[in-house]
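Participant: Below you'll find the structure I mean.
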Amino acid sequence: MDKVPLTVVGAEKLKAELEELKTVTRPRIVEAIATAREHGDLKENAEYHAAREQQSFAEGRINEIEGKLANAQIIDVTKIDAQGKVIFGATVEIEDLETEKKVTYQIVGQDEADIKKGRISVASPIARALIGKELEDVVTVKTPNGEVDYEIVSIQYI
């Protein structure tokens, strides 16, 4: 299986979620199942079935996170000499040359992407266009509305 790139922050969030699932959620569900079993007939026990469903979801998420972390390539952008180029983990401010609108994005792994927080997937068209470019370079991004030209205004490795 291919290594999945993750920022340090993204890896820490996954580890925290895994810890929460294992130490808080899982024991709470086990307790709910035990309580529901005490109520008798399991065939018609809605509490029991709901708790089993929660358990299934939680165990699936635990397995998913463990798999992601096992296959993760954790990249600390602050420790890489990028030589002024846009790399995975970099925070890039770009300006639309037509509208002069500026926007800032951090290039992150697919699981970390959240456009509302300014984090875009390394696999997105904008990120693919930016990777390897330098300050003041102009990149052309193909969008559903046609091509858009952006100039790289700043690059930060934070």
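Bear in mind that the values in this text are calculations on the coordinates, not laboratory data. Here the structure is a predicted model, which is why all the values come from computation and not from measurement. Note that we place each Cβ from the backbone using ideal geometry, even for glycine, and neighbour counts take in every protein chain shown.
Participant: Per DSSP H run of at least 4 residues, take -39500 (n - 2.57); add these up for the chain, divide by its residues and hand me the 222 nm value, nearest 500 deg cm²/dmol.
Facilitator: Details: 4 runs with 57 residues, N = 158.
Helices in the chain give a 222 nm mean residue ellipticity of -11500 deg cm²/dmol.
Participant: Give me the extension gain from Val8 to Glu136: residue separation times 0.36 nm, minus the current Cα-Cα distance, reported in nm with one decimal. Present the calculation step by step, with values, prior to reporting the outcome.
Facilitator: Working: separation 128, 0.36 × 128 = 46.08 nm, distance 2.74 nm.
Residue separation times 0.36 nm, minus the Cα-Cα distance, leaves 43.3 nm.
Participant: Ok, one more. Relative contact order (percent) for the chain, with alpha-carbon contacts under 8 angstrom and 6 or more residues of separation? Don't skip to the answer; put the middle values down first.
Facilitator: Values: 235 pairs, mean separation 35.9, N = 158.
Relative contact order here is 23 percent.
Participant: Mind checking the range 99-148 for GluC sites (Glu not before Pro) that DSSP puts in a loop (not H, G, I, E or B) and that have at most 10 other Cβ atoms within 10 Å? Before the final figure, lay out the partial values.
Facilitator: On the way: sites: Glu100, Glu112, Glu134, Glu136, Glu147; in loops: Glu100, Glu112, Glu136.
Sites meeting the loop and neighbour criteria: Glu100, Glu136.
Participant: Right, here's the next one. Calculated FRET efficiency, Glu20 and Ser154, Cβ-Cβ r, R0 35 Å, to nearest 0.05?
Facilitator: So the FRET efficiency works out to roughly 0.50.
Participant: Oh, and also: Counting pairs of Cα atoms in the range 4-75, how many percent are more than 19 Å apart? Don't jump to the answer; show the numbers that get you there.
Facilitator: Numbers: 1158 of 2556 pairs.
That fraction is 45 percent.
Participant: Of Val4, Val153, how do they rank once you tally other Cβ atoms within 10 Å and put the fewest first? Numbers along the way, then the final one.
Facilitator: Working: Val4 18, Val153 14.
Neighbour counts put them in this order, fewest first: Val153, Val4.
Participant: Now, a different point. Go through Lys68/Lys101; Lys22/Lys79; Lys3/Lys102; Lys15/Lys79; Lys15/Lys133 and tell me which ones have a Cα-Cα distance over 29 Å in this structure. Please list the in-between numbers first.
Facilitator: On the way: Lys68/Lys101 36 Å; Lys22/Lys79 31 Å; Lys3/Lys102 32 Å; Lys15/Lys79 21 Å; Lys15/Lys133 32 Å.
Among Lys68/Lys101; Lys22/Lys79; Lys3/Lys102; Lys15/Lys79; Lys15/Lys133, the Cα-Cα distance tops 29 Å for Lys68/Lys101; Lys22/Lys79; Lys3/Lys102; Lys15/Lys133.
Participant: Name all residues of the range 92-136 having a backbone nitrogen under 16 Å from the label point set 7 Å from the Cα of Glu64 along its Cα→Cβ direction, giving them as ranges.
Facilitator: 110-114
Participant: Need one word for the range 4-158: rounded, prolate or oblate. Basis is the Cα gyration tensor (sqrt eigenvalues a ≥ b ≥ c); a/c below 1.5 gives rounded, then a/b vs b/c decides.
Facilitator: Values: a/c = 4.22, a/b = 2.56, b/c = 1.65.
Here the range 4-158 falls in the prolate category.
Participant: For a test of the definition: using alpha carbon positions, the gyration tensor, and the 1.5 limit on a/c, classify the range 77-156 as rounded, prolate or oblate.
Facilitator: On the way: a/c = 1.75, a/b = 1.24, b/c = 1.42.
Oblate shape, in that a/c is at least 1.5 and b/c is the bigger or equal ratio.
Participant: Related question: Explain nothing, just the number: relative contact order of the range 36-107, from Cα pairs under 8 Å at least 6 residues apart, as a whole percent. Please report the intermediate quantities before stating the final value.
Facilitator: Numbers: 39 pairs, mean separation 11.8, N = 72.
Relative contact order, the range 36-107: 16 percent.
Participant: Now for a separate question. State the antiparallel share, in %, of DSSP beta bridges confined to the chain, rounding to the nearest 5.
Facilitator: Working: 19 of 26 bridges.
Taking every DSSP beta bridge with both residues in the chain, the antiparallel ones total about 75 percent.
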